[in-house]
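The values are calculated or read from the model by the stated rules, or taken from the named source; none is laboratory data. Since this is a predicted model, take the numbers as computed values, not measurements. Neighbour counts are summed over all protein chains in view; Cβ atoms, including those assigned to glycine, are modelled from backbone coordinates with ideal geometry. Note: accessible area is taken over every heavy atom of the protein model, side chains too, but ligands, DNA and RNA are not part of it. Shrake-Rupley method; radii C 1.70, N 1.55, O 1.52, S 1.80 Å.
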Amino acid sequence: MSKNLVNLNVNPCKMCMPMGTANAFYGIQKCMNILHGSQGCSTYIRRHMATHYNEPVDIASSSLTEEGTVYGGEKNLIIGLENLIKLYQPEVIGVSTTCLAETIGEDIEYIIKNFYASHPDETVKIIPVKSAGYGGTQFEGFTKALRAIVAHVDMDQTKHDKINIITTMISPADTRYLIDLLDQFGLEYILLPDLSENLDGVHQSSYYRLPMHGTPISEVQKMAGARATIEISDTIKPDESPGVYLYENYGVPYKRLNLPMGLRDTDALIDLLAELSKKTIPEKIAKERGRYLDGMVDSHKYNALGRIAIFGEPDFVVSAVRLCCENGVMPVIAATGSNCPQLKEKIAAELSKLADVLFVDNYVILNDVDFETIEAEALRLGANLMLGNSDGRRIEEKHGIPLIRCAFPIHDRIGGQRVRTLGYEGSQILLDQITNTILKAVEGGFRETLYNTYYNEGPKSKYGLEPETDSPMKVLENPKSTTNTTIMTIEEKTANHPCYSCGSAQKNARMHLPIAPQCNIQCNYCVRKFDCPNESRPGVTTDILSPEAAFEKYKLVKEKVPNLTVVGIAGPGDALANFEETRKTLALIHEDDPNVTFCVSTNGLMLPYYAKELAKLGVSHVTVTVNAVDPAIGAKIYKHVDFMGNRYHGEAGASILLANQLSGIRLLIDEGVIVKINTVTLMGINDTHIEEVVKTVKALGCFISNVMPLIPVKGSAFEGLQIATNHEINAIRDKCGVHLKQMYHCKQCRADAIGKLDSDISLDFRENEAKTAEMVLAAPKGLRFAITSKGGMLVDQHFGQAAELYIYDYLDDEVQFKEKRVISKYCTGAEECDEKEDKIGTILKALTDCDGAITMRIGDLPTKRLESKGIKVFSTYDRIEDAVKTAAQEILKSELSTAGNF
Amino acid sequence: MKNDAAILPERAKSIRFSECSGDGSGIKCESESVSGAVSQRACVYCGARVVLNPITDAFHIVHGPIGCASYTWDIRGSLSSDEEGYRNSYSTDLRETDVIFGGEKKLVAAVDEVVAMHAPKVIFIYATCIVGVIGDDIDAVCRNAEAKYGIRVIAVKSPGFSGTKKTGYKMACNAIMNLITPEFLPAKTAGVNILGDFNLAGEMWIIKNYLRRIGVEVVANITGDAKVEDLKQAPAAQLNLVQCAGSMTYLAKQMEEVFDIPFIKVSFFGVTDTSDSLMRIAYAVGDKEVIKRAKAFIEEEKNRVTPLLNKYRKNLEGKKAAIYVGGGFKAISLIRQFHEFGMNTVMVGTQTGSKDDYEVIQHLVDEDAVILDDANPAELEAFMKEMGADILVGGVKERPLAYKLGVAFCDHNHERKHPLAGYEGTLNFASEINLSMNSPVWETISQGGMKDV
């Protein structure tokens, strides 16, 4: 369970018991599985298995209904068994219960007895498993089914030389490996279950819907006479273990092993097989072992960089942890969604030993856990790769931690049935995947990292500056830079910037480009639907522009507004929460005119990450909104802060924001960028704190401070907050002016503002979208038709059955939908409408203004009544629009010919 | 009948063969699945979750054992333009002791925790199979939570055994009505609501782009990329557009009755349906400027896609299609699209189609086409083989079966990663049909790859 939310499982790291039983029964020859419960359970399980194995998966359901739930489901299950036998002719049927069946107390053993009693000739072997979804996970369900199989099959205790091999859930490809291994030792064996063929079939000309392969029941019967059992799973409880059952009931000695992943656990199996077969280890296997050893050495230095999160079924986690530890890949998380208390003792020593060598302080072993906890721990512990099933994909997607998919289920990649992890070779395949994932990150990033860390000669322009182009070649010479434009200095740019220099506000124009729709914090004075009120005052921005469209708009405006000196990105969200768009736009414009002053507004949350890049892009001015430098005050202003995929509330969020703002501002100032600080005055919250804000940012080296009044936004948390008067604002500004230059002329522009500060001309540049105010209905001239239709797409209803009429007009060769008329509204009296005979009368009332009626079928009498009123009748089956056209043409033609007769 | 072995007597009435060539009233549908028949249907809970899940800022707590939440966690491709919270799966994860002593307390605590952590506006609580049986009163839990927190906490009673997936749609529609019904009806605006598009692969965005282009404002998306606050504006719309009729007609009818919003049915699958629907919307809105813009837009789009579609047409013409999908609306749209490509639909079935749907289907396909309701793998196998289908359009479970039979496949389901709606969607659809049906693998396989082993 989740650590934080003890009553909630958030993003389950487990499935239910019937999922396990379904997989196990698929390893029995000519066996079908039926779930006693409602229909959905079997469908969900089939869907999950089908996408993992890429095979058709057929599982029946007794399809319990309301009645069955109340009075017992015996009838449903018996009919289900009968139908399943008719359709598939199986030799074995596994009956698994579900949550519902167990909760209503179904006695399936009794129902099955009744089934045999009423079907005396039936030879199918029926095996019941009690598998309530809440009784455990798919891991326990799998073994429970195996134990039920050995417990219900009639055993033949005659001694023989075979050994039993019982496995936990492994892939068909790994099963084939196991079979091959046993063959190499010349051992006779009974493998339970055998998924190798049924869930990884060959393509052939005939398809058999009944699984034809797997362990034959006749072989299972002999398991009681085997000379030994090897159970490949060491975490199943003894009272659920099939191996223990065979020992306790038939005295078959058993040995339980870990999944043979990694050197030590594979050695254990190989040694045991050698002992049982009394053979030396075949050379082929010895060589595989040697190659794995060689591979371990080859990759050990890369592997040491790995901080891996491993999750899944207990057996898998134990062996995967051991494989990683022996290779020096540090598991920082070992987690199972099942309840397996012994997990800790099995791996604690391994983990501690490696952690000491690599100086890893923190790692966790998590039992009965959900993905929310795994996600939080992965971030806390700095996991850089994950190993498990595809349910880790959300973490991969959100946080960019690569996931190696090697356990059930795998939904978003192909080849789940062919995953190899067992034996020396399987271990090598898995280890290579782990190493290569680490190498991909190293090889892909080291040049840039080292350049950015150490190169200090001249501007750093190598990475990140160029907008992505399709051309794989780098253009060495930028033709535009050869023109004779002189590049303005930052001082000149500031002097020409209307927001920074009071005088230039009168003569210089700026435009704000609305390209950044997303925001990563929620301010209590803001409603996300509108623009961000901090820098750029609301009004809904007309449109969010793509970088290309923004560039076009810039060019258009520049043509018409020659004094355009400043281009700003001011939302409507946060420029840095949409960094790709911001970067692309700036790069396009910068290339066109390096003299344009760029101005970016941000809340500062992502500043530490992008400050250097902004400077590289030619951004000379950045406005950061800092409303508080005390997290306790910040907590009142910010509802939440979304950072690195997590949402932080209260002081936690405010602290993250503040720390990032301050370090980001410092970075900007180091790069020579002019920084302006905006502060929204929130009476009773930060009004007495603003001076402190200004002092703090002054110490960082900011250029100017802009204290603004709150503009109340309807629907925001601060909607009702008292607004500071001009007088109060100016008093604050005066106080702050002692520390830092104040901006007295801010107009709080819209995000798409264009022009000088006091004249927004952006309307002229918006797409002409003005909608005509008049909402006139199309004039009912021309021809009018009533259509009977069920869906409103086709003429597909009988006239007499219509409950509503679709009215269409035909005018100027055009078919126009007019309205839908509900016939019952045309009733004049209850008796009239209740009588079927009078229904036609009512329909007639509803279409008195029509020239024609188009219907799928209509009786003679109504046809006559319609025609007597001058309404033409058309019977057809067609798309409505086409039918109206045809009917209209017919009417027009007949009118023409009638006219001709006169 | 050639396929005796594949058809259970109880199922015969749900299948129409050429020999029967019934009059439409013959197909048995909208009934419970036959026990042991291996139906492809999911359950009531699934239906409810499908409809409500795309609401991006709602929280969904599945009250029950873990399976139901585990199997529905983020498996559908509904996209969000903002919040991602709906992609998480919350479950009370009931255990043995909860089943004995009741799960109500755990649910109350779960709601408390979700409220404390996420400050949600709306929580939907799904009651799955065993909740009613163990006697948890989730209505009371919802009532108390609403009083305690002043937010909406809405019960969605969807035990799997209480009907079919369609029952679940109804439960979801009731939950939506419950959420959006205001105390006083708002003044009408010029905008419309879109019902029954779930923004799979961004299809809601495509439709909204179209409407923006023709000058029709959208009030609420129900429920693709929806937000609670936007949904609450829905009563102010002047018109409802119903896309997925199977799930949403019920809601549209309620909205017509309670909010006096008329509805029209639309379809954005295929060039003709998309164009007709846009014109129908324009006329229904009645604004001359909108009608003018719609005409121009359709003209432009048709000119753009027709030559591209013609390119595909020569590869598709004359081939045989089989369809097995969830609802009748989609099946009908698909038959028409295949027709536009010059392809013939030889087998068509749905999980939850209505009698009306089947009557329409019967008119659209050839006399000898097979029509199935709530089919199972055995029937699908038998009829795809018998009718010689070249491609199957279906759900995830059907895909491997088609492949085993050497039949191409089109993923027209909730997991699709490319849009199939609108003009660009039609191009994607044609492209997918072509690339699967005409893939070189079929040639390789039929020319000697397949050997029985």
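Give me the residue from the range A:737-755 that is part of a loop (DSSP other than H, G, I, E, B), modelled with pLDDT of 80 or more and touching a strand residue (DSSP E or B) at 6+ places or on another chain (Cβ under 9 Å) and, out of that set, most open to solvent (accessible area, probe 1.4 Å). Among those that are part of a loop (DSSP other than H, G, I, E, B), modelled with pLDDT of 80 or more and touching a strand residue (DSSP E or B) at 6+ places or on another chain (Cβ under 9 Å), it is A:Lys741. If you check B:Asn193, B:Asn88 for being in contact with a strand residue (DSSP E or B) (Cβ under 7 Å, 6 or more places away or on another chain), away from every other protein chain (no Cβ under 13 Å) and either crowded, with 24+ Cβ neighbours inside 10 Å or without any contact (Cβ under 8 Å) to a residue 40 or more places away in the chain (or both), only one passes: B:Asn193. Of all the criteria given as (1) touching a Lys or Arg at 6+ places or on another chain (Cβ under 9 Å); (2) modelled with pLDDT of 95 or more, the one not satisfied by B:Gly425 is (1). If you take the residues of the range A:47-82 that are hydrophobic (A, V, I, L, M, F, W, C) and more than 34 Å from the chain's Cα centre (by Cα), which of them is nearest to B:Thr167 (Cα to Cα)? Residue satisfying both the conditions and the ranking: A:Val70. Of all residues in the range A:124-139, which are away from chain B (no Cβ under 12 Å), farther than 13 Å from A:Ser96 by Cα and surrounded by 24 or more Cβ atoms within 10 Å (Cβ to Cβ)? Correct list: A:Phe139 only. Of all residues in the range A:842-864, those being touching a helix residue (DSSP H, G or I) at 6+ places or on another chain (Cβ under 6 Å) and open to solvent by 30 Å² or more (accessible area, probe 1.4 Å) number 2. Scanning the range A:14-38 for residues that are open to solvent by 10 Å² or more (accessible area, probe 1.4 Å) and facing another protein chain (nearest Cβ under 9 Å) yields A:Lys14, A:Cys16.
The single condition among (1) at negative phi; (2) open to solvent by 10 Å² or more (accessible area, probe 1.4 Å); (3) more than 7 Å from chain B (Cβ to nearest Cβ) that A:Ile93 does not meet is (2).
Assess whether A:Ala50 counts as being in a helix (DSSP H, G or I), at the interface with chain B (Cβ under 8 Å from one of its Cβ atoms), within 23 Å of A:Asp391 (Cβ to Cβ) and not polar (S, T, N, Q). Judged against the criteria, A:Ala50 is a match. The set of residues in the range A:346-394 being open to solvent by 20 Å² or more (accessible area, probe 1.4 Å), assigned to a helix (DSSP H, G or I) and hydroxyl-bearing (Ser, Thr, Tyr) consists of A:Ser352 alone.
A:Cys41 passes every criterion in (1) on the phi < 0 side of the Ramachandran plot; (2) open to solvent by 10 Å² or more (accessible area, probe 1.4 Å); (3) more than 9 Å from chain B (Cβ to nearest Cβ); (4) touching a Leu at 6+ places or on another chain (Cβ under 6 Å) apart from (3).
Every residue, every condition in (1) open to solvent by 10 Å² or more (accessible area, probe 1.4 Å); (2) over 34 Å from the mean Cα position of the chain (by Cα), yes or no:
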{"position": "A:Leu276", "(1), (2)": "yes, yes"}
{"position": "A:Lys284", "(1), (2)": "yes, yes"}
{"position": "A:Asp298", "(1), (2)": "yes, yes"}
{"position": "A:Tyr302", "(1), (2)": "yes, no"}
{"position": "A:Ala309", "(1), (2)": "no, no"}
{"position": "A:Pro314", "(1), (2)": "no, no"}
{"position": "A:Val317", "(1), (2)": "no, no"}
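Here B:Pro235 meets the list (1) in contact (Cβ under 8 Å) with a residue 12 or more places away in the chain; (2) open to solvent by 50 Å² or more (accessible area, probe 1.4 Å); (3) part of a helix (DSSP H, G or I); (4) more than 30 Å from A:Cys99 (Cα to Cα) almost entirely, failing just condition (2). Report yes if some residue within the range B:279-300 is away from chain A (no Cβ under 11 Å), among the charged types (D, E, K, R) and either assigned to a strand (DSSP E or B) or over 21 Å from the mean Cα position of the chain (by Cα) (or both); otherwise report no. Checked the range B:279-300: at least one residue is away from chain A (no Cβ under 11 Å), among the charged types (D, E, K, R) and either assigned to a strand (DSSP E or B) or over 21 Å from the mean Cα position of the chain (by Cα) (or both).
The combined condition, being farther than 15 Å from A:Thr97 by Cβ, crowded, with 22+ Cβ neighbours inside 10 Å and free of Cβ contacts under 8 Å to residues at least 24 places away in the same chain, is not fulfilled by A:Tyr71. If the condition is being modelled with pLDDT under 80, under 21 Å from B:Phe263 (Cβ atoms) and open to solvent by 20 Å² or more (accessible area, probe 1.4 Å), then the range A:818-841 contributes A:Ser824, A:Lys825, A:Tyr826. Applying the set (1) crowded, with 23+ Cβ neighbours inside 10 Å; (2) part of a loop (DSSP other than H, G, I, E, B) to A:Ile333 leaves exactly one unmet item: (2). Figure legend. Inter-residue proximity from the range A:82-107: first residues of a type in the set (Ser, Thr, Tyr), second residues open to solvent by 30 Å² or more (accessible area, probe 1.4 Å) and part of a helix (DSSP H, G or I), beta-carbon distance below 8 Å, spacing 6+ or different chains. Indicated pairs: A:Thr98/A:Cys41; A:Thr103/B:Val133.
If you go through the range B:50-79 and keep only what is under 19 Å from the mean Cα position of the chain (by Cα), in a loop (DSSP other than H, G, I, E, B) and buried (at least 22 other Cβ atoms within 10 Å of the Cβ), you end up with B:Asn53, B:Pro54, B:Thr56, B:Thr72.
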